[in-house]
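Student: Would you mind keeping the following structure in view while I ask a few things?
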Amino acid sequence: MRKPPVSGIISTTKVAVLFVSPIADDHVSLSAIFERSEPIVCSDSQWTLHSCATIESAIAALGQARIPIVVTERDLTPGSWTAILENVLLLPDPPFLIVTSRLADEYLWAEALNLGAYDVLAKPFDASEVMRVLGSAWRHWTDRHEQIQVPDSQTIVATAAA
């Protein structure tokens, strides 16, 4: 059961998105979308874009903060988006991974979704499509966390046979 909002108090949720790409123009483009867009999902969310250019820096960032959404370029130097995915899946609370590419064809979509990515974004970025995909990922992230939380009034008891 959701609690009703308390009047006069505005609660905001900070949502971190990590963008991994060696392409400077992509960082500029995605930053511009974040700066000029209305809140992606709802008015009580503040979105923060964190950027890095390499797999190593992305892994370091994921180890330092809880980041629910990672957007990564398909081709990273060295490596590819699958290296990011492998590391993401090792985290105790893995973020959703979205792959970007100028060549976002059916093969990439099938490969990405079958390996465990959340979605694929074509480039150049379309602001409404970016907002739609990130909003959907955020809703799924919050739904996943609401489902695994146990209300304070319930206790789960596990017994083991001797």
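Student: Just to be sure before I move on: is Ala117 touching a residue at least 24 places away in the same chain (Cβ under 8 Å), more than 20 Å from Ala16 (Cα to Cα), touching a helix residue (DSSP H, G or I) at 6+ places or on another chain (Cβ under 9 Å) and of a type in the set (A, V, I, L, M) in the structure I sent? Even if it seems obvious, please write down each step before you answer.
Tutor: Numbers: touching a residue at least 24 places away in the same chain (Cβ under 8 Å): yes; more than 20 Å from Ala16 (Cα to Cα): no; touching a helix residue (DSSP H, G or I) at 6+ places or on another chain (Cβ under 9 Å): yes; of a type in the set (A, V, I, L, M): yes.
Considered against the rule, which asks whether it is touching a residue at least 24 places away in the same chain (Cβ under 8 Å), more than 20 Å from Ala16 (Cα to Cα), touching a helix residue (DSSP H, G or I) at 6+ places or on another chain (Cβ under 9 Å) and of a type in the set (A, V, I, L, M), Ala117 comes out as no.
Student: Among residues belonging to the stretch 120-135 that are without any contact (Cβ under 8 Å) to a residue 60 or more places away in the chain and among the hydrophobic types (A, V, I, L, M, F, W, C), point out the one that is surrounded by the fewest Cβ atoms within 10 Å (Cβ to Cβ). Give the derivation first.
Tutor: We begin by selecting, within the stretch 120-135, every residue without any contact (Cβ under 8 Å) to a residue 60 or more places away in the chain; these are 120-122, 126, 128-129, 132-133.
So of that shortlist, the ones also among the hydrophobic types (A, V, I, L, M, F, W, C) come out as 120-122, 133.
Numbers: Val120: 21, Leu121: 18, Ala122: 15, Val133: 21.
Checking each candidate, the answer is Ala122.
Student: Condition check: assigned to a helix (DSSP H, G or I), out of contact with any helix residue (DSSP H, G or I) (no Cβ under 9 Å at 6 or more places or on another chain) and touching a residue at least 12 places away in the same chain (Cβ under 8 Å). Does Ala83 satisfy that? Before you say what the answer is, go through the steps one by one.
Tutor: Values: assigned to a helix (DSSP H, G or I): yes; out of contact with any helix residue (DSSP H, G or I) (no Cβ under 9 Å at 6 or more places or on another chain): no; touching a residue at least 12 places away in the same chain (Cβ under 8 Å): yes.
No; evaluated as a whole, the condition is false for this residue.
Student: Considering only residues that are modelled with pLDDT of 50 or more and assigned to a loop (DSSP other than H, G, I, E, B), look in the stretch 1-38 and name the one that is surrounded by the most Cβ atoms within 10 Å (Cβ to Cβ). If you could, list the steps in order and put the result at the bottom.
Tutor: The first filter runs over the stretch 1-38 and keeps only residues modelled with pLDDT of 50 or more, leaving 12-38.
Filter again for assigned to a loop (DSSP other than H, G, I, E, B), leaving 12, 21-23, 37-38.
Details: Thr12: 10, Ser21: 23, Pro22: 14, Ile23: 16, Ser37: 14, Glu38: 6.
Selected residue: Ser21.
Student: Here is a follow-up. Do the conditions hold for Pro124, that is, is it over 18 Å from Val20 (Cα atoms) and part of a loop (DSSP other than H, G, I, E, B)?
Tutor: Numbers: over 18 Å from Val20 (Cα atoms): no; part of a loop (DSSP other than H, G, I, E, B): yes.
Criteria not met by Pro124.
Student: Can you pull out the residues in the stretch 51-80 that are of a type outside the set (Val, Ile, Thr) and in contact (Cβ under 8 Å) with a residue 60 or more places away in the chain? Talk me through it step by step, then tell me what you get.
Tutor: Initially, the stretch 51-80 is screened for residues of a type outside the set (Val, Ile, Thr), giving 51-53, 56-58, 60-66, 68, 73-76, 78-80.
Within the stretch 51-80, Pro68 is the sole residue that qualifies.
The values are calculated or read from the model by the stated rules, or taken from the named source; none is laboratory data. Note that the coordinates shown come from a computational prediction; the quantities given were computed from them, not determined experimentally. Reconstructed Cβ throughout: ideal geometry from the backbone, glycine too, with neighbour counts over all protein chains shown.
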